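Take a look at the structure below.
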Amino acid sequence: MQRPMTRPGNHVMKSYEIYAEMLFRIAFVHLGSREDAEEATQDTFIKLMEKVPAFKDDEHQKAWLIRVITNHCKSMLGRGWRKREVKLEGVEPVTADNSGDLAILQLVLALPVKYKTVIHLYYYEDYPVQEISRVLEISESAVKMRLQRGRQLLKLELEGAEPE
């Protein structure tokens, strides 16, 4: 009797199909570059293949992947080569449905990492405060405070940008 053969890494491919787009968006918010976000997403799935952690359920796996990509983005931002990076002319710009959405997206991308992470997870990925707290391993009050301060920074920028 033959057992069906499963290719090694099938769990990674399934996870990639489910979570890659979300992880890319998280990385893009952190890094502000399509190429860097693609690299971070790829590195996250490589880590999943190497570590092969045992997850309790899909939510546990999703939280683990978000934590890994968030930490990876932070380490990428801390690398010295990013500080010496030269922006290329004519690179594909970030697009949004309308200019208002684009302006807000650019403001979110300009926020400090700790604020844009919680704002992205809360508003763009529809995570509740409790889940963000668990994923980022910070208290719920810290999440709420970062959301509040991030919104304040965005409000200040929006009010400053509008003509009086």
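The values are calculated or read from the model by the stated rules, or taken from the named source; none is laboratory data. What you see is a predicted model, and the numbers here were worked out from it, not measured in a lab. Positions of Cβ are generated from backbone atoms using ideal geometry, with glycine treated the same way; all protein chains shown enter the neighbour counts. Surface areas here come from the heavy atoms of the whole protein model, side chains and all, with no ligands, DNA or RNA. Shrake-Rupley method; radii C 1.70, N 1.55, O 1.52, S 1.80 Å.
Is it true that Glu39 is more than 21 Å from Leu109 (Cα to Cα), at pLDDT 85 or above and not hydroxyl-bearing (Ser, Thr, Tyr)? In short, no.
The one condition from (1) of a type in the set (Phe, Trp, Tyr); (2) modelled with pLDDT under 85; (3) surrounded by 11 or more Cβ atoms within 10 Å (Cβ to Cβ) that Trp81 does not meet is (3). The residue pairs whose first member lies in the stretch 10-21 and is assigned to a helix (DSSP H, G or I), whose second member is open to solvent by 20 Å² or more (accessible area, probe 1.4 Å), and whose beta carbons are closer than 6 Å, counting only pairs six or more residues apart or on different chains, are Val12/Met49.
Would you pick out the residues in the stretch 39-62 that are out of contact with any helix residue (DSSP H, G or I) (no Cβ under 7 Å at 6 or more places or on another chain) and surrounded by 15 or more Cβ atoms within 10 Å (Cβ to Cβ)? Spell out the reasoning first.
At the first step, the residues of the stretch 39-62 found to be out of contact with any helix residue (DSSP H, G or I) (no Cβ under 7 Å at 6 or more places or on another chain) are 39, 42, 46, 50-52, 54, 56-60.
Selection gives Glu39, Gln42.
Residues that are out of contact with any helix residue (DSSP H, G or I) (no Cβ under 7 Å at 6 or more places or on another chain) and β-branched (Val, Ile, Thr) within the stretch 125-151 comprise just one, Ile138.
Listed by first and then second residue, the pairs linking a residue in the stretch 32-47 that is touching a residue at least 12 places away in the same chain (Cβ under 8 Å) and under 15 Å from Lys62 (Cα atoms) to a residue that is open to solvent by 50 Å² or more (accessible area, probe 1.4 Å) and of a type in the set (Ser, Thr, Tyr), with Cβ atoms under 6 Å apart and 6 or more places separating them unless they lie on different chains, are Phe45/Tyr16.
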